[in-house]
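Take a look at the structure set out below.
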Amino acid sequence: MSMTMIAPEQVNRIVWNQHQDPFEILGSHLVEANGKTVWAVRAYLPNASQAWVIIPEERKEYPMQSVHDPHFFECAIETKELANYQLKIKEGEHERVIYDPYAFRSPRLTDFDLHLFAEGNHHRIYEKLGAHLTEVDGVKGVYFAVWAPNAPNVSVIGDFNQWDGRKHQMRKGQTGIWELFIPGLGVGEHYKYEVKNTEGHIYEKSDPYGFQQEPRPKTASIVTDLNSYQWNDEDWMEVRRHTDPLTQPISVYEVHLGSWLHASSAEPPRLPNGETEPVVPVSELNPGARFLTYRELADRLIPYVKDLGYTHVELLPIAEHPFDGSWGYQVTGYYAPTSRYGSPEDFMYFVDQCHKNGIGVIVDWVPGHFPKDGHGLAFFDGTHLYEHADPRKGEHKEWGTLVFNYSRNEVRNFLVANALFWFDKYHIDGIRVDAVASMLYLDYCRKEGEWLPNQYGGRENLEAAEFLRQVNHLIFSYFPGVVSIAEESTAWPMVSWPTYTGGLGFNLKWNMGWMHDMLDYFSMDPWFRQFHQNNVTFSMWYHHSENFMLALSHDEVVHGKSNIIGKMPGDRWQKFANVRCLFTYMFAHPGKKTMFMSMEFGQWSEWNVWADLEWHLLQHESHQQLKEFFKDLNHLYRSEPSLYTLDFAREGFEWIDCSDNRHSVVSFIRRDKDSEDFVIVVCNFTPQPHSHYRIGVPEAGFYTELFNSDARKYGGSNMGNLGGKWTDNWSMHNRSYSLDLCLPPLGVLILKLDREKTAEVMESQQE
């Protein structure tokens, strides 16, 4: 039957990718023809020479005719119902049968979904936008949805349609979300969105909500099922849910997965079933090397971290990023763990194994800026969609990146849901939010005239602050017991205070002031330290204003700053002693701890993102001893509640003497929350030992020397107090009792009252 019910201009809109709802033209439609009601089936098949409609139930084929365009096909079918029909297509010498995508009309997004997304409150929008395995009317396929409100046309392109944007044009909804169900697709399909702007320019974009991407330098998204992995960490998750992390020991090993250790490209990685995985080479700067996979890292990194006694690993950003040299901080795939190290399931396995071994996982999260790469979020629908249009608000010129528009609900929803996504789908235990200061201040790294003040004339980014409050409030609502850490270096108030008090809602903040003070102090010749005692003591003046984390991070061992051991003055022995002294003081000081990989064994050179850590140093005794020191320090920290239970309470810390600058010595008490226990910490920051150094202590008895950073087994001079000291009835520092101690050079002592031994001796004396 010849059809004339479709106008040429309607066909042309499809042929030239100008239609915002191709379902109006394509697919099946009830029409009146020659006084009869029939089904008109239309299909645009750019490579087809012939086409037929197949109705499997009837076992019939209906030939289609070209209408207004050689590749636009149509036919009329007289039948009451037309469901699950198929198209037979002849392309050259080949024929194939497919389900028509335009036969599946039901949108997956409900009105409620759209409402929540439009107001920025759809907390699981990642389950609706992006690419999702779906079954519609008994037919399996993939449902695609993308937000591009200002684009005149959007298509799904991929291997399945030869990257031809004419074949799978999407339908635009009222809120600017484009969607399409493509039957017959499954896990592993590579795809992008072809986005056309108002001027007709075409962009190929990765899926902002895509769960996996090709290994760089390729940029296609990959259809993935995130629900196939069988988790085994129920016990860990249950305990976490009922635990307050602020009263627990937190010692974090910060690691960049791509440079901790490499393998040889000649030895491809293997899956548990024995199949080999594709090799992802590191860089031409490290020829012959490949990245370890998440599964290989689980086998090697986790035992290493566990042996050293760390409680958590913190991963530099593992969300997909195009350039290795950005360390992960220029993200293009916010919902995709980088494919450099394997699949999403592989990363789930890594987290699962961490939990099995009692190690929490913290992930670096970068909501402050994003790169300008063409396949990413920048200029996504031909307009400034995710970023501010005004460069005075929307660009970090020094970083060459763009700033999210936090005032736009849908953008804020993208980021809020992203933070929740990593906790939900990957069971992570915390996030460390990068560059919070750059978000909070409108004039950050900007000269006068290069920024716009807020509505009150100030430099505070009120939208960014509100966004951070929203993120943190929701994280702790959904996932109690996790940590949210701010890398924030300014005096912005109440960063780690709850949102209900007006705070930003983080539960930890990096103490950048302490870090700078200590590195300045330890880099100077010990003789000069007497004039800079305040570097050591100043942190306690403001410590209780926030919940602080003491961090010595990757930023301190790059860009000509030297590694930690290289910052230290003196000869080789003094350098190692200074490192031990610094870290023992750090672990005794109130606050949670973070340190970067390579510090634990004293790497001399700066961190190089393209090279392995210098593991060969561990053949030398001094480096072995330093690693042993960190192991013991971590285990002491975890075994002594006095060192962590009252990190953020005033009663948890008390100076004994902070003013002995002449000797560069400080001493203080750390107390436990749930008992009468306490430890005494004495730090000697010079190479000059002191044979009779007296400090006041609160109780009489025998004080065991729990830890001595100058012990022989760590490479020290082995000066100390022969296991401990009895108090003298000699008042000192406003206390009734005192200890006469031997202070080792560049050493820290940690002592604890042995109540049992004291009681035994006291009883025997009474007898």
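The values are calculated or read from the model by the stated rules, or taken from the named source; none is laboratory data. Note that this is a predicted model, so its numbers are computed, not measured. For neighbour counting, all protein chains shown are included, and Cβ atoms are generated from backbone atoms with ideal geometry for every residue, glycine included.
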Fill in: Members of the stretch 36-51 that are surrounded by fewer than 19 Cβ atoms within 10 Å (Cβ to Cβ) and either free of Cβ contacts under 8 Å to residues at least 24 places away in the same chain or of a type in the set (A, V, I, L, M, F, W, C) (or both)
THR37
Item to complete: Filter the stretch 431-462 down to residues that are buried (at least 16 other Cβ atoms within 10 Å of the Cβ) and outside any strand (DSSP E or B), then give me how many there are.
Response: 13
Discussion item. I'd like to verify a number: residues in the stretch 89-141 that are modelled with pLDDT of 90 or more, closer than 20 Å to ILE55 by Cα and not hydrophobic (A, V, I, L, M, F, W, C), how many?
Written reply: 10
Response to the item:
By residue number, the members of the stretch 675-712 that are of a type outside the set (A, V, I, L, M, F, W, C) and not in a loop (DSSP other than H, G, I, E, B) are ASN684, HIS690, SER691, HIS692, TYR693, ARG694, GLY696, TYR703, THR704, GLU705, ASN708, ARG712
Response to the item:
Per the filter on the stretch 252-285, residues crowded, with 17+ Cβ neighbours inside 10 Å and part of a strand (DSSP E or B) are VAL252, TYR253, GLU254, VAL255, HIS262, ALA263, VAL282
Discussion item. Give me the residue from the stretch 749-767 that is assigned to a helix (DSSP H, G or I), closer than 9 Å to GLY701 by Cα and not hydrophobic (A, V, I, L, M, F, W, C) and, out of that set, nearest to the chain's Cα centre (by Cα).
Written reply: ARG755
Practice prompt. Being surrounded by fewer than 17 Cβ atoms within 10 Å (Cβ to Cβ) and touching an Asp or Glu at 6+ places or on another chain (Cβ under 7 Å) is the filter here, so list the residues in the stretch 666-700 that pass it.
Written response: HIS692, ARG694
Discussion item. I need every pair where a residue in the stretch 3-23 that is in contact (Cβ under 8 Å) with a residue 40 or more places away in the chain and within 24 Å of LYS36 (Cβ to Cβ) has its Cβ under 6 Å from the Cβ of a residue that is among the acidic types (Asp, Glu) and surrounded by 18 or more Cβ atoms within 10 Å (Cβ to Cβ), sequence separation at least 6 or different chains.
Written reply: MET3/GLU74
Worksheet item: Does GLU448 satisfy being in contact with a Leu (Cβ under 7 Å, 6 or more places away or on another chain) and acidic (Asp, Glu)?
Response: no
Worksheet entry | Members of the stretch 343-382 found to be among the small types (Gly, Ala, Ser) and either surrounded by fewer than 24 Cβ atoms within 10 Å (Cβ to Cβ) or under 27 Å from VAL557 (Cβ atoms) (or both), listed by number | SER343, GLY358, GLY360, GLY368, GLY374, ALA378, GLY382
Item to complete: Name every residue in the stretch 365-418 that is in contact (Cβ under 8 Å) with a residue 60 or more places away in the chain, part of a helix (DSSP H, G or I) and more than 20 Å from ASN121 (Cα to Cα), in order of residue number.
Response: ARG392
Discussion item. Out of everything in the stretch 463-508 that is in contact with a strand residue (DSSP E or B) (Cβ under 9 Å, 6 or more places away or on another chain) and among the β-branched types (Val, Ile, Thr), what residue ends up being surrounded by the fewest Cβ atoms within 10 Å (Cβ to Cβ)?
Written reply: THR490
Worksheet item: How do the pairs read when you match residues in the stretch 154-166 that are free of Cβ contacts under 8 Å to residues at least 60 places away in the same chain with residues anywhere that are aliphatic (A, V, I, L, M) and part of a helix (DSSP H, G or I), using Cβ under 8 Å and keeping only pairs 6 or more apart or on different chains?
Response: none
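Here's the yes/no breakdown for (1) loosely packed, with under 14 Cβ neighbours inside 10 Å; (2) in contact with a strand residue (DSSP E or B) (Cβ under 7 Å, 6 or more places away or on another chain); (3) free of Cβ contacts under 8 Å to residues at least 24 places away in the same chain:
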position: SER717; (1), (2), (3): no, no, no
position: GLY720; (1), (2), (3): no, yes, no
position: GLY723; (1), (2), (3): yes, yes, yes
position: ASN729; (1), (2), (3): yes, yes, no
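List the strands (runs of 3 or more DSSP E) inside the stretch 41-157, counting only whole elements, that have at least 1 residues being among the small types (Gly, Ala, Ser).
Values: elements: 50-55, 60-63, 72-77, 86-91, 94-99, 130-136, 139-147.
Strands (runs of 3 or more DSSP E) meeting the threshold: 50-55, 72-77, 130-136, 139-147.
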